[in-house]
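Participant: I am attaching a structure below and will ask some questions about it afterwards.
The values are calculated or read from the model by the stated rules, or taken from the named source; none is laboratory data. Keep in mind the model is a prediction, meaning the values are calculated, not measured. Every residue, glycine among them, receives a Cβ derived from its backbone with ideal geometry; neighbour counts consider all protein chains shown. Ligands, DNA and RNA are excluded from the accessible area calculation, which covers all protein heavy atoms including side chains. Shrake-Rupley method; radii C 1.70, N 1.55, O 1.52, S 1.80 Å.
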Amino acid sequence: MKRKKIIMSWSECRVEIGPTGANDAMATQLVSVGTTNDKSTSLSTSDGETLTAKASGGKTVAEEEGEPEVVITTRVKEMDFDTEKMLTGAVISTDGDELDVKTNIVQGEFSVKVTPKNIGAQGVKAPKCSVKFRPGSSEDEGSYVDLTFKIIETEDGLLYKKFRVKKTDWADPTFASDLTAGGGS
């Protein structure tokens, strides 16, 4: 049996988001979160709750593993005001030079799509996620926002879909500049 070629998946990822649709559908309009830090985008799982039944004397008689928690994380460099407004409801001044921040809590659920640059690599589409928004600044990195997308099961039981990246996934001219400008993870 011939082995399939291994394609490194998460190099220079484009991360897109949009409000989750009706009935937990994937957002129909997705926008880029902006330029992500090098090697900052990841998908990880952590153990879910384990239920254990014990008999007298502390002997385990049954154990059931709960569904693991699945999370996508990324760090966005110098997030633009429009994206922050979409996530937190912040208010942009009329001249566009100031942003009134009243909360860093994201209301509602968002869909997220992670598209690696390599054709044939595996990307991820999660229709329903809760989002943590954690802004920061440092002398090394300037302004940044850490985004954490906790994937939530949809009404029909879907956590996320994996997809193979095609050339057409990068054909949108609005994203061509993401790769040439050093965007990616």
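Participant: How many of the residues in segment 1-59 are exposed (fewer than 14 other Cβ atoms within 10 Å of the Cβ) and over 21 Å from residue 169 (Cα atoms)?
Facilitator: Number satisfying all stated conditions: 22.
Participant: Would you point out the residue of segment 93-108, among those that are closer than 19 Å to residue 134 by Cα and in contact with an Asp or Glu (Cβ under 8 Å, 6 or more places away or on another chain), that is least open to solvent (accessible area, probe 1.4 Å)?
Facilitator: The selected residue is 99.
Participant: If only one of 34, 96 is touching a Lys or Arg at 6+ places or on another chain (Cβ under 8 Å), over 21 Å from residue 152 (Cα atoms) and in a loop (DSSP other than H, G, I, E, B), which one is it?
Facilitator: The unique qualifying residue is 34.
One line per residue, one yes/no per condition, for (1) open to solvent by less than 40 Å² (accessible area, probe 1.4 Å); (2) at pLDDT 95 or above; (3) under 20 Å from residue 35 (Cα atoms); (4) not in a loop (DSSP other than H, G, I, E, B):
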site: 111; (1), (2), (3), (4): yes, yes, yes, yes
site: 123; (1), (2), (3), (4): yes, no, yes, yes
site: 127; (1), (2), (3), (4): yes, yes, no, yes
site: 132; (1), (2), (3), (4): no, yes, yes, yes
site: 149; (1), (2), (3), (4): yes, yes, yes, yes
site: 155; (1), (2), (3), (4): no, no, no, no
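Participant: Would segment 46-55 turn up any residue that is touching a strand residue (DSSP E or B) at 6+ places or on another chain (Cβ under 8 Å), assigned to a helix (DSSP H, G or I) and touching a residue at least 12 places away in the same chain (Cβ under 8 Å)?
Facilitator: Within segment 46-55, none of the residues are touching a strand residue (DSSP E or B) at 6+ places or on another chain (Cβ under 8 Å), assigned to a helix (DSSP H, G or I) and touching a residue at least 12 places away in the same chain (Cβ under 8 Å).
Participant: Pull out all pairs, ordered by first then second residue, where Cβ-Cβ is under 7 Å, the residues are six or more apart or on different chains, the first lies in segment 155-169 and is closer than 23 Å to residue 20 by Cβ, and the second is in a loop (DSSP other than H, G, I, E, B) and among the β-branched types (Val, Ile, Thr).
Facilitator: The qualifying pairs are 165/119.
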